[in-house]
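The values are calculated or read from the model by the stated rules, or taken from the named source; none is laboratory data. The model shown is predicted, which means the values in this text are computed figures rather than measured ones. Cβ coordinates were reconstructed from backbone atoms using ideal geometry, including for glycine residues, and neighbour counts include every protein chain displayed.
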Amino acid sequence: MNMSLAAPKRLQVMVVDDEPLARSRLRTLLGDCKAPAADVVAEAANASQALELLRRQPVDLVFLDIHMPGADGLALAESLRALPRSPAVVFVTAHAEHAVQAFELEAVDYLTKPVRIERLQAALQKAERFAQIQSGPVANFASDEVLVIQERHRTERVPLHQVIYFKAELKYITVRTAARHYILDGSLNDLEEKYREHYVRVHRNAIVARRAVRALEKHFDPEEGDGWAVRLQGVDELLSVSRRQLAVVRGLITQ
């Protein structure tokens, strides 16, 4: 049984780069991308100009250079996370050494110049998934519901409505959002009990967001053989569904 998604809207994009020629080249490449399609609705030459524009006109995605006069792209990305509607961020830079820091800021992708259209297309697909989750229904979530995650000598607050699934992995739990993975100490059973209004068990090792369930598909697992898997909005991977939970997942799709 499969469910088809409605045709996605065109992504609304801002390009931030202090070089006019670089902005022009990226705009041309974006015009050649088809699935998903993107419209460049704003351009900025620096961080302050970008923030001013975004406060008036929110977008789905910002393509962001790192080295710019004034505040650099990394600082701008940090500021974007505080906006009421935070856009997806894709860094586009000639310098590869900032990739780790970029992904710590939850960038959905990191492209190096000169940009290849195949990589640009992949980045747009990641941003589309991020936008779907961001704009998805969050009814009944308390606005202050967050997970406090400690990793890499930092503590981060992750809004619960962004979490697509929790999956038990050996001695820890993977927390998956559209943008990235986190590692959380704790018990999957405790999370299921605490958040059962919003998340449902699909397998002994996974609970998923009810709102993210999109399809139930036949699936072969190397360890468990033929079976079923659930497809979730916002991520590429399929998650196995146990026979015990099959009826529950079917019910989510058909309700």
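Key figures for this structure:
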{"read-out": "Inter-residue pairs, beta-carbon under 7 Å, first touching a residue at least 12 places away in the same chain (Cβ under 8 Å) and in region 179-201, second among the polar types (S, T, N, Q) and assigned to a strand (DSSP E or B), 6+ apart", "value": "ILE183/THR174"}
{"read-out": "Any hit, region 26-34, residues being surrounded by fewer than 18 Cβ atoms within 10 Å (Cβ to Cβ) and either outside the structural domain of PRO87 (by TED's automatic domain parsing) or part of a strand (DSSP E or B) (or both)", "value": "no"}
{"read-out": "Options ILE207, ILE173: the member that is surrounded by 15 or more Cβ atoms within 10 Å (Cβ to Cβ), assigned to a strand (DSSP E or B) and without any contact (Cβ under 8 Å) to a residue 40 or more places away in the chain", "value": "ILE173"}
{"read-out": "Residues located in region 176-201, provided they are under 17 Å from LEU232 (Cβ atoms) and not in a strand (DSSP E or B)", "value": "ALA178, ALA179, ARG180, LEU188, LEU191, GLU192, TYR195, HIS198"}
{"read-out": "Number of the exception - GLY234 against (1) without any contact (Cβ under 8 Å) to a residue 60 or more places away in the chain; (2) in contact with a strand residue (DSSP E or B) (Cβ under 6 Å, 6 or more places away or on another chain)", "value": "(1)"}
{"read-out": "Filter result (within 17 Å of THR174 (Cβ to Cβ) and either surrounded by 13 or more Cβ atoms within 10 Å (Cβ to Cβ) or in contact with a Ser or Thr (Cβ under 9 Å, 6 or more places away or on another chain) (or both)) within region 224-255", "value": "ALA229, VAL230, LEU232, GLY234, VAL235, LEU238, LEU239, SER240"}
